[in-house]
Each structure stands twice: as C-alpha cells, then as structure tokens.
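Below is one structure, written out as structure tokens; the observations come after it.
The values are calculated or read from the model by the stated rules, or taken from the named source; none is laboratory data. Model, not experiment: these values are computed from the prediction. Here the Cβ positions follow ideal geometry from the backbone for every residue, glycine too, while neighbour counts run over all protein chains shown.
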Amino acid sequence: MDRLYTMSIFLAVVEEGGFAPAARKLRISPPVVTRAVTELEEKMGVRLLTRTTRMVRVTDVGARYAADCRRILADVTDSEQAATGTHAEPRGKLVITSSVLFGAMYVTPVVTEYLRRYPETEVECRFLDRVVNMMDEGIDVAIRLGQLPDSSYQAVRVGQVRQVVCASPAYLEARDLPLTPEDLDGHDIVLAAGVTAAPEWRFESERQPVVMRVRPRLISSSNDAAIAAVVRGFGLTRVISYMVAPHLAAGRLKTVLSQYEAAPMPVNVVHHEGRRSTPKVRAFIDLAVSMLRAEGALN
C-alpha cells in the first residue's frame, strides 16, 4: 500500500478515535483501515496503537508519528498546490490557537472576517489556556501573550498588555485607596486563578521586584467570574489589561497601583519559520496583524 496513503489512514484513526470512524470518514472499508495500520506497525517494528474491545488508544510512539504524518501530508499538499497554481487564492483548512478569553474577544473577529473574505477556507480555533506545541499539534498560527522563548518560529509583534489591579468605583469610594502594594493588606482580594495560580502578586518599584502575598476572600478558576465579582463592587482583582478593557473604558472599573506595574507583556502572532508560507497562512497573518494592531486595548 502507498506509504502516504497508509499515513493518511493512520492519521484518520488517531483523529477519529477508532478504525470504524476513520473508515467512515475516508469512505473505505474497516478491513482496509486495519490492514494499513498493521502494515505500518510491521514495517516500523513498533506498536502505534493500543487496541481493546472498547477503544483504540495511541501510544507515545504513535502520537509522535501522528504529528510527523500530519506535518508531512500538509507539506505534500502545499507542494502539489504550489505546482498546480492553486495557491493563487487562499484555500483549505487553517488551525489557529490562542488563550480562551483573548481568543473570544480579539481572535474570533479576525477569524470571521478572514472567512468572509476567503470563501474557500475553513478555520479550526483551539482556544486553550495552556501553551500548545505548534508542531506536534498541527497548529498553523498562534497568538501568544508574553515573552517568547528562542525557537524556530517567526513572530510579528502586534501590541502589548499589562497586569493591572482594578476595582469598581463604588468599592474604592467605600475603602481606603491602596497607594502601595503593602496597602493591599486588609482589602477584599479576588484571585483570578486563571491569571495567577499562586496567591502572590508581583510588582516593581524602581525596577526592583516586589512580591506581595495576598489573602484572597474569593478564588475563581474563571477570569470572567473574578471580573464579574469586582464589577459588582466586591474587592480588588489582578488580571491582564485586555480582559477588563471594556469595563475600564465604560468606567465600571478603575485601576490602582499603576506605578507599580511590571513591564508590559508583548502580544505576538507566531507562525512556522522555514516552512513555505501558503496563501491561507499569509492572508490570515496579514489580516490578524492589521486588525490586532488597530485594537486600542492592545496598544
């Protein structure tokens, strides 16, 4: 059986979670799927999948091989499209990633505009509050906040954000305004665990780090819930500036301790370096850079 064909069958089994679903997706018989995977395992001398009567689970070796298959098949498709001239207009599936709230607030508008402009494209958004391995998980473009480690990726900076302490005007009128990080003692603290898992808030004073251990009265794993609490007048919270930009603009929240904020964090559009940049990727990057740079909350 052709090697690329067997790779595509194996990848379908991994992505669909079983032999039968893969067969339905590819419109081939289940025995063909089984034979293709068996041939791969025999040729490589390793077990790629663990089979039981109830499920099919990919092994560690199989997961790495699936990532390689995904990358190789995408490169083959890109090469064929480039050779036949079908890259003149963006087309095909694009996979992007971002954090959950940033994705909802700022990336989704880019995606919908992209889809409107390029009707031959489709986009899968993986909005996750964790760092995704772009190569292993088949990601084309990532929008990331914070300093980037040295890597084989290209990054285009589109803005910056800050970690801000904020509260409602009503709360600040009822309590003493904190003028230094130490003044946080005695205040009602709402900890947004999605931003700061540990009860420590880090500030800077004359370029020296200041670590303040807070005693939260409310801990929320949801940034949205923490923000909702302080908008309703309960306590102070510390979040990333873009999360509360609409509330700050509307006057529902105010920032405090601004002079003690740490250095801003960059916002970057990240993509693969050294790979052929297809029109679908180039078009999305150009649009994302343009729209995100126009966002006042990020600049």
Yes or no: ALA74 surrounded by fewer than 14 Cβ atoms within 10 Å (Cβ to Cβ), of a type in the set (A, V, I, L, M) and modelled with pLDDT under 85?
no
Test of understanding: among GLN147, GLN154, which residue is touching a strand residue (DSSP E or B) at 6+ places or on another chain (Cβ under 8 Å), surrounded by fewer than 16 Cβ atoms within 10 Å (Cβ to Cβ) and part of a loop (DSSP other than H, G, I, E, B)?
GLN147
Select from the stretch 1-15 the residues that are in contact with a Lys or Arg (Cβ under 8 Å, 6 or more places away or on another chain) and not in a helix (DSSP H, G or I) and list them in ascending order.
MET1
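Output the strands (runs of 3 or more DSSP E) that fall wholly within the stretch 31-122 and possess 2 or more residues being in the same structural domain as LEU145 (by TED's automatic domain parsing) and not acidic (Asp, Glu), or say none. Talk me through it step by step, then tell me what you get.
Values: elements: 49-51, 56-58, 92-98.
It comes to 92-98.
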Within the bounds of the stretch 194-214, is there any residue that is of a type in the set (Gly, Ala, Ser), in a strand (DSSP E or B) and under 22 Å from GLY103 (Cα atoms)?
no
Just to be sure I understand, how many residues within the stretch 150-175 are at pLDDT below 90 and under 18 Å from ARG238 (Cβ atoms)?
0
Picking from LEU184, LEU179, which residue would you name as being surrounded by fewer than 20 Cβ atoms within 10 Å (Cβ to Cβ) and at pLDDT 90 or above?
LEU179
Enumeration of residues in the stretch 242-253 that are on the phi < 0 side of the Ramachandran plot and either charged (D, E, K, R) or surrounded by fewer than 19 Cβ atoms within 10 Å (Cβ to Cβ) (or both):
PRO246, HIS247, LEU248, ALA249, ALA250, ARG252
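Quick one: would you say VAL230 is modelled with pLDDT under 90, in contact with a strand residue (DSSP E or B) (Cβ under 7 Å, 6 or more places away or on another chain) and of a type outside the set (S, T, N, Q)?
no
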Of all residues in the stretch 187-212, how many are at pLDDT 95 or above and among the acidic types (Asp, Glu)?
1
What is the number of the single condition among (1) small (Gly, Ala, Ser); (2) buried (at least 16 other Cβ atoms within 10 Å of the Cβ); (3) not in a strand (DSSP E or B) that ALA170 does not meet?
(2)
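Quick one: which of VAL239, VAL256, VAL269 is surrounded by 18 or more Cβ atoms within 10 Å (Cβ to Cβ), over 17 Å from ASP188 (Cβ atoms) and touching a residue at least 60 places away in the same chain (Cβ under 8 Å)?
Sole residue among the options that is surrounded by 18 or more Cβ atoms within 10 Å (Cβ to Cβ), over 17 Å from ASP188 (Cβ atoms) and touching a residue at least 60 places away in the same chain (Cβ under 8 Å): VAL269.
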Among the candidates ALA263, ALA225, which residue alone is assigned to a helix (DSSP H, G or I) and free of Cβ contacts under 8 Å to residues at least 60 places away in the same chain?
ALA225
Step by step: first the residues of the stretch 16-30, then only those that are in a loop (DSSP other than H, G, I, E, B) and of a type outside the set (Gly, Ala, Ser), then the one that is farthest from the chain's Cα centre (by Cα). Which residue is that?
ILE28
